[in-house]
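Okay, structure first, notes after.
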Amino acid sequence: MTQADDESSATSRFKAARDLLLAHREDYDAARAGFGWPDLPRFNWAADWFDHLAISQPQVTALILTADGSTQTRRSYAEMAISSRQVAGWLRERGVRRGDRVLLVLGNCIPLWELVLACIRIGAILIPATTLLSRADLADRVARGRVAAVVAHGDDTARFEGIAQACVRISVGDDAAAPGWLAYSESLTHPAWDGRTDTGGDDPLLLYFTSGTTARAKLVEHTHTSYPVGHLSTMYWLGLQPGDVHLNVSSPGWAKHAWSSVFAPWNAGATVLVHDTARFDPVGLLELLTRTPVSTLCAPPTVWRMLVQQELRAYPVPLREVVSAGEPLNREVIDQVEAAWGLVVRDGYGQTETTAQVGNTPQQPLRRGAMGRPLPGYEVVLVDPATEDIGTEGEICLELAPRPAGLMTGYRDDSELTAQVLREGLYHTGDVARRDDDGYLTYIGRADDVFKASGYRISPFALESVLLEHPAVAEAAVVPSPDPVRLAVPKAFVALAAGWAPDRDTALQLLRHARDSLAAYQRVRRLEFVGPQGLPKTVSGKIRRVELREQESAQRPHHNGYSEDDFPELRGG
């Protein structure tokens with residue numbers, strides 16, 4: 001078989017797997033039964049798939065970037081293919097080679113997508129990073145990532161002073177780069193590279209530093225198949241079709257950006273719409289949705305909670321699909337969106353280590369509060385952490401026979417941790433869920449976040465969901481608070497919605513609401529309001545309950561805030 005035949009075969013096998021999912025977009029059982037991950041021992045997604053789309057649908061818009069909510073920059077599939085080949089050739093001339101690690105510290109800008117495609121083309125390994133990282137974080141990425149090249153905005157180059165001095169350094173956005181930095185604008189006039197790097201499907205492509213909700217960030221390794229091909233499951237969950245316009249609210253540097261702003265929509269042949277703002281504005285997003293023909297919207301729970309604070313009925317959106325991922329979405333928010341728009345927000349679940357594993361898929365019966373069923377290509381079992389028995393409640397684990405394409409290779413430079421999560425024929429996610437008789441999974445929490453109170457196991461998420469039903473609560477996080485009698489009792493840290501005062505009356509309302517809505521063993525018995533700084537979060541927006549647990553433990557035997565014992569009205573339970 002010639003190289004051209006091999007390339008064509010890879011394209012056709014990928015396309016066949018994709019087309020099966022598209023054909024059964026609304027038939028979950030048929031998609032599950034018929035889908036199999038394509039066998040791609042040699043695969044280069046940019047050359048084998050994106051270029052195929054650039055030829056078959058050259059004028060279709062691949063990317064729309066809105067810089068201020070009104071100004072739009074558009075690039076077709078053909079234009080992106082050509083510009084990324086120019087960047088690939090330019091990178092090669094600057095010494096970036098196959099296997100070199102490239103740190104991308106960029107916000108939403110056209111060069112980000114060009115660089116992703118270009119690095120895939122030449123076989124370089126991408127390390128996406130958020131622009132919010134501190135100097136110490138950047139130094140850690142460069143050192144632990146063994147970075148060979150750094151790409152950053154011109155305004156951020158000063159932050160690398162004394163860091164990455166031996167790397168190829170590329171500045172985006174300035175025609176005249178800082179001393180020691182190359183100007184990315186030079187690539188715009190470089191001849192397009194017509195070569196091809198024969199990358200293996202198992203060759204490394206991406207290294208992601210996890211967000212670190214409970215510990216030091218881990219370095220997750222993905223391959224030329226695990227994310228590009230693995231995100232066929234994500235495409236299916238999102239409900240994407242060729243020609244759709246997909247808007248994903250996510251910052252570059254995090255896995256969800258690659259999920260829904262690169263691989264899943266471009267696997268479908270859809271258009272990526274990017275809403276680029278310095279600070280998230282829910283009204284600005286809603287206005288964009290009303291004046292742009294957006295088909296599908298994906299946003300994290302934090303964004304959905306901000307959106308429902310607005311008068312959604314005032315914004316007639318053209319959306320067909322609305323989904324949420326990153327953390328479980330509370331039922332109250334789902335109900336508010338449906339009441340306003342007639343659309344049900346479909347929850348989904350995955351990790352930096354995987355693509356979308358579980359989801360509520362289009363036109364399927366939903367269980368309110370459930371995150372869905374295993375997606376095509378994934379076999380999920382629930383393992384009791386104590387007994388290792390498989391049952392209806394336990395840690396979410398993936399069967400490794402056969403191994404799903406969307407699963408990481410492992411944690412780079414940490415064989416012990418890799419062996420820990422990939423043991424006994426399973427990948428252990430560290431998340432706990434419950435499965436009902438119809439196969440729907442309901443999220444309980446991180447294994448590290450679930451705790452016992454009075455001998456009962458408590459899911460912080462379940463209690464937080466109840467608190468969010470009260471109009472006073474914008475966000476909430478529940479952790480164990482040390483107690484001499486019960487060992488621990490649930491305590492809620494609450495960020496209030498606008499117009500509510502952090503006083504005794506509000507605390508009484510919330511504790512009473514929890515008392516009326518929860519079983520006695522689940523009741524929130526202590527409460528503390530957080531200040532303007534809000535709840536502690538990772539830079540990707542996930543709540544750091546571990547920080548709150550440590551804070552609460554350090555305060556024993558006392559605690560701040562309010563307790564049921566402070567209110568005679570609540571005594572007797």
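The values are calculated or read from the model by the stated rules, or taken from the named source; none is laboratory data. Being a predicted model, the structure only gives us computed values, none of them experimental. Every residue, glycine as well, gets a Cβ built from its backbone with ideal geometry; the counts of neighbours run over all protein chains shown. Calculation scope for accessible area: heavy atoms of the full protein, side chains included, ligands and nucleic acids excluded. Shrake-Rupley method; radii C 1.70, N 1.55, O 1.52, S 1.80 Å.
The residues of segment 351-363 that are at pLDDT below 95 and open to solvent by less than 40 Å² (accessible area, probe 1.4 Å), listed by number, are Q351, T352.
Being closer than 16 Å to L527 by Cβ, without any contact (Cβ under 8 Å) to a residue 60 or more places away in the chain and open to solvent by less than 10 Å² (accessible area, probe 1.4 Å): is that true of A453 here? Please lay out each step first, then the result.
Details: closer than 16 Å to L527 by Cβ: yes; without any contact (Cβ under 8 Å) to a residue 60 or more places away in the chain: no; open to solvent by less than 10 Å² (accessible area, probe 1.4 Å): yes.
Considered against the rule, which asks whether it is closer than 16 Å to L527 by Cβ, without any contact (Cβ under 8 Å) to a residue 60 or more places away in the chain and open to solvent by less than 10 Å² (accessible area, probe 1.4 Å), A453 comes out as no.
Residues in segment 131-183 that are open to solvent by less than 10 Å² (accessible area, probe 1.4 Å) and either of a type in the set (D, E) or assigned to a helix (DSSP H, G or I) (or both): L138, F160. Residue count for segment 304-321 under the criterion of being under 17 Å from the mean Cα position of the chain (by Cα) and within 25 Å of R25 (Cβ to Cβ): the result is 1.
Filtering segment 94-124 to residues that are buried (at least 20 other Cβ atoms within 10 Å of the Cβ) and among the β-branched types (V, I, T) leaves V96, V102, V105, V116, I120, I122.
Of the residues that make up segment 494-502, is at least one at negative phi and buried (at least 22 other Cβ atoms within 10 Å of the Cβ)?
Here is the first cut: in segment 494-502, the residues at negative phi are 494-498, 500-502.
Checking the rest, the ones that are also buried (at least 22 other Cβ atoms within 10 Å of the Cβ) come to 494.
Taking every residue of segment 494-502 in turn, at least one turns out to be at negative phi and buried (at least 22 other Cβ atoms within 10 Å of the Cβ).
Quickly run through segment 228-251 and pick out the residues that are under 21 Å from R305 (Cα atoms) and touching a strand residue (DSSP E or B) at 6+ places or on another chain (Cβ under 9 Å). Hits for segment 228-251 are L238, H246, L247, N248, V249, S250.
Going by what's in this entry, would A405 be described as within 22 Å of the chain's Cα centre (by Cα), crowded, with 22+ Cβ neighbours inside 10 Å and in a loop (DSSP other than H, G, I, E, B)? Don't jump to the end; show me each part of the working.
Working: within 22 Å of the chain's Cα centre (by Cα): yes; crowded, with 22+ Cβ neighbours inside 10 Å: yes; in a loop (DSSP other than H, G, I, E, B): yes.
The answer is yes for A405.
Could you list, in sequence order, the residues of segment 94-128 that are small (G, A, S) and either touching a Phe, Trp or Tyr at 6+ places or on another chain (Cβ under 7 Å) or in a helix (DSSP H, G or I) (or both)? A118 - this is the single residue of segment 94-128 that is small (G, A, S) and either touching a Phe, Trp or Tyr at 6+ places or on another chain (Cβ under 7 Å) or in a helix (DSSP H, G or I) (or both).
Determine, yes or no, whether D438 is among the acidic types (D, E), open to solvent by 50 Å² or more (accessible area, probe 1.4 Å) and either in contact (Cβ under 8 Å) with a residue 60 or more places away in the chain or touching a helix residue (DSSP H, G or I) at 6+ places or on another chain (Cβ under 7 Å) (or both). So D438 passes the test. When you scan segment 340-357, how many residues do you find that are in a loop (DSSP other than H, G, I, E, B) and more than 21 Å from E287 (Cβ to Cβ)? So the answer is 6. The number of residues in segment 367-386 being part of a loop (DSSP other than H, G, I, E, B) and touching a helix residue (DSSP H, G or I) at 6+ places or on another chain (Cβ under 9 Å) comes to 6.
Filtering segment 504-543 to residues that are in contact with a Lys or Arg (Cβ under 7 Å, 6 or more places away or on another chain), modelled with pLDDT under 85 and in a loop (DSSP other than H, G, I, E, B) leaves only T538. Pairs are defined by a Cβ separation below 9 Å, a sequence spacing of at least 6 or placement on different chains, a first member in segment 387-404 that is in contact (Cβ under 8 Å) with a residue 60 or more places away in the chain, and a second member that is open to solvent by 80 Å² or more (accessible area, probe 1.4 Å); the pairs so defined are P402/E379; P404/E379.
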